[in-house]
Amino acid sequence: MKSRNLVRFFLSTLSVGAIITVFVGFTLSWGEYKELFIQGEIGEIVAIAIWLIGVGCIFSLISQMGFFSYLTVHRFGLGIFKSSSLWNSVQVVLILFVLFDLVYFRYTFFAEAGESITNYLFLALTLLVVGIAFSYVKMKQTNRTAFIPALFFLTVVTIVEWFPALRTNEESWLYLMLIPLIICNIYQLLMLPKFLDSPHIIKEVRESK
């Protein structure tokens with residue numbers, strides 16, 4: 001990827017994170033902010049929007065670090081296991097393990113007495129369903145071997161990126177961080193080929209997944 005395309009890719013992902021975070025931030029706290037809109041408090045609205053843009057840029061940076069880190073790990077995995085099918089099998093095991101841990105540890109540490117595990121399952125299952133859906137899109141975009149790496153990135157890597165909010169377990173922060181992260185991750189996953197420089201590079205990326 002040429003430096004120009006890399007900068008475009010970086011800035012476009014940054015913009016996605018900022019815009020989505022502003023939208024999600026106002027939506028999640030609409031009960032708190034709606035009076036500002038009703039009363040026309042433009043200054044307050046702009047100040048909050050700027051703060052959310054900054055937060056969104058941070059989320060986007062975390063997403064981009066996770067994406068390029070996974071590309072490196074993916075290369076190492078292919079080199080170590082010498083087989084894409086074996087490496088994919090390892091990734092499937094890790095996906096199941098991390099999803100189980102997401103439910104089990106959150107429920108163990110944060111569930112109140114008598115609280116159902118359903119809410120904790122919901123987030124994990126939602127993340128899995130979204131991951132499967134867009135991994136399928138990625139598979140159609142490239143080839144069938146891309147499905148598992150894409151699913152690993154959209155589940156395991158997203159959960160790792162999401163860890164700061166998971167530690168606090170505050171519902172507003174959980175969703176405020178998760179939604180921009182997953183959308184930035186989906187954007188990077190699907191848009192990367194459009195920023196690559198030539199057909200042979202695209203072919204190489206497809207064959208490595």
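Summary of computed values
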read-out: Rel. contact order, % - alpha carbon contacts under 8 angstrom, at least six apart, the stretch 119-202; value: 24
read-out: Rounded accessible area per residue of the stretch 68-209, 1.4 Å, Å²; value: 54
read-out: Radius of gyration and maximum dimension Dmax of the stretch 22-92, Cα, Å; value: 21.0, 63
read-out: Among Leu94, Gly56, Thr27 - extreme Cα towards positive end, dipole of the stretch 1-146, charges at beta-carbon; value: Leu94
read-out: Proximal lysine pairs, the chain, alpha carbons under 13 Å, eight or more residues apart or interchain; value: 6
read-out: Student exercise, the stretch 48-166 dipole from Lys, Arg, Asp, Glu Cβ charges, in Debye to nearest 20; value: 600
read-out: Computed over the chain: relative contact order in percent, which uses C-alpha pairs under 8 Å that are six or more apart; value: 33
read-out: For the stretch 28-116, with +1 on Lys and Arg beta carbons and -1 on Asp and Glu, the positive-most of Leu78, Tyr107, Ala47 along the dipole; value: Leu78
read-out: Electrostatic dipole magnitude of the chain [Cβ: Lys, Arg +1; Asp, Glu -1; Cα centre; debye, to 20]; value: 1320
read-out: Karplus 3J(HN,Hα) series, Hz, for the stretch 170-175 with 6.51 cos²θ - 1.76 cosθ + 1.60 (x for Gly, Pro); value: 8, 4, 4, 6, 4, 7
read-out: The stretch 139-150 - phi-based ³J(HN,Hα) in whole Hz, Karplus 6.51/-1.76/1.60, Gly and Pro as x; value: 4, 5, 6, 10, 7, 5, 6, 7, 4, 5, x, 5
read-out: Helix-only [θ]222 nm of the chain, DSSP H runs n ≥ 4, -39500 (n - 2.57) each, per residue, nearest 500; value: -28500 deg cm²/dmol
read-out: Percent accessible area from carbon and sulfur atoms, the stretch 7-124, protein chains only, probe 1.4 Å; value: 73
read-out: Karplus-derived 3J(HN,Hα), 6.51/-1.76/1.60, for each residue of the stretch 78-85, Hz, glycine and proline x; value: 5, x, 6, 8, 6, 8, 5, 5
read-out: Cβ-defined net charge surrounding Leu174, 14 Å radius [Lys, Arg +1; Asp, Glu -1]; value: -1
read-out: Listed residues Pro180, Val156, Ser135: farthest to the positive end of the dipole of the stretch 73-209 (Cβ charges); value: Ser135
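The values are calculated or read from the model by the stated rules, or taken from the named source; none is laboratory data. All values derive from a computational prediction rather than experimental measurement. So basically every Cβ, Gly included, is an ideal-geometry build from the backbone, and we count neighbours across all protein chains shown. Just so you know, the surface numbers come from the protein's heavy atoms only, side chains and all, with ligands and any DNA or RNA stripped out. Shrake-Rupley method; radii C 1.70, N 1.55, O 1.52, S 1.80 Å.
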